[in-house]
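Note sheet for the following structure.
The values are calculated or read from the model by the stated rules, or taken from the named source; none is laboratory data. Just so it is clear, the model here is predicted, and its values are computed rather than measured. Neighbour counts run over all protein chains shown; Cβ positions are idealised from the backbone, glycine included. Accessible surface areas use protein heavy atoms only, side chains included; no ligands, DNA or RNA. Shrake-Rupley method; radii C 1.70, N 1.55, O 1.52, S 1.80 Å.
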Amino acid sequence: MGERSSAQGITPELAAGLGLPRDSGVVVADVDPGGPAHDAGLREGDVLDTVDGRRIDILPDLTTALYRASDAHLKLRVLRDGKPVDLEVHGRENDHSLEEMADVANPDKHLVRALGIIALDIDDGLRERLHLRQPNGVVVVARTLDGPGVSSALMPGDAIHALNHSRIESVDALRRALKERERGNAVVLQIERGGRFQYLAFELD
């Protein structure tokens, strides 16, 4: 889904106005006219059903599916006028979206299993691109499909700046800080979302 291709979450109002087959999920809002998705036949108004066999119920599911795609070909199933249509996108679009910035060849480098997320260290480029107020920490790229409950509270694009009172400088530091805490311990993450700071509190599983 390239820089000018976009998808958005379906609301009941959107579904009613567009006559979509479901009132939740993800709909394609824009397709890059010159990109592989357009060439594969993807159209505005298509409802994403699965990507490489992974069901798409909410936008982060799409991020995760794109991150986990193993090669340059994506198999999409969309609902068009209520009927399933199978498409194959050849050649991932060359964009700089968050899900493309992680090193797909080495996902373990970015995996924080205890939180059920894939994350990147914040560098100058990421900080400027996301307009972050604070320079340190990590950015959530995607949620894993088998993450704990806390992963549902974290969203792609969230910046994690601190865990309890400890500043977080890297993915490795975040992993170490989590490892030092025992199951049942209270953990509070300070995150930045949409230019605002907030706390997420939970217990380690």
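Being in contact with a strand residue (DSSP E or B) (Cβ under 9 Å, 6 or more places away or on another chain) and outside any loop (DSSP other than H, G, I, E, B) is the filter here; which residues of region 156-177 pass it? Scanning region 156-177 gives A159, I160, H161, A162, L163, R167, V171, D172, A173, L174, R175, A177. Considering the conditions (1) among the charged types (D, E, K, R); (2) assigned to a helix (DSSP H, G or I); (3) modelled with pLDDT under 70; (4) surrounded by 17 or more Cβ atoms within 10 Å (Cβ to Cβ), E93 is excluded by exactly one of them, (2). Apart from one condition, D146 fits all of (1) of a type in the set (D, E, K, R); (2) under 22 Å from L66 (Cβ atoms); (3) modelled with pLDDT of 90 or more; (4) surrounded by fewer than 12 Cβ atoms within 10 Å (Cβ to Cβ); the exception is (3).
Kindly provide the set of residues from region 26-42 that are touching a strand residue (DSSP E or B) at 6+ places or on another chain (Cβ under 7 Å) and open to solvent by 20 Å² or more (accessible area, probe 1.4 Å), ordered by number. Residues satisfying the conditions are A29, D30, P36, A40. Looking at this structure, is L200 part of a helix (DSSP H, G or I) and not polar (S, T, N, Q)? No: the conditions fail for L200. Taking the criterion of being over 19 Å from the mean Cα position of the chain (by Cα) and either part of a strand (DSSP E or B) or modelled with pLDDT of 95 or more (or both), the residues of region 178-189 that qualify are A186, V187, V188. Looking only at region 164-182, filter to residues that are closer than 27 Å to I58 by Cα and aliphatic (A, V, I, L, M); which one of those is surrounded by the most Cβ atoms within 10 Å (Cβ to Cβ)? Looking at residues that are closer than 27 Å to I58 by Cα and aliphatic (A, V, I, L, M), I get L174. Screening region 11-60 for residues that are part of a loop (DSSP other than H, G, I, E, B) and under 16 Å from the mean Cα position of the chain (by Cα) and picking the one that is farthest from S152 (Cα to Cα) gives D52.
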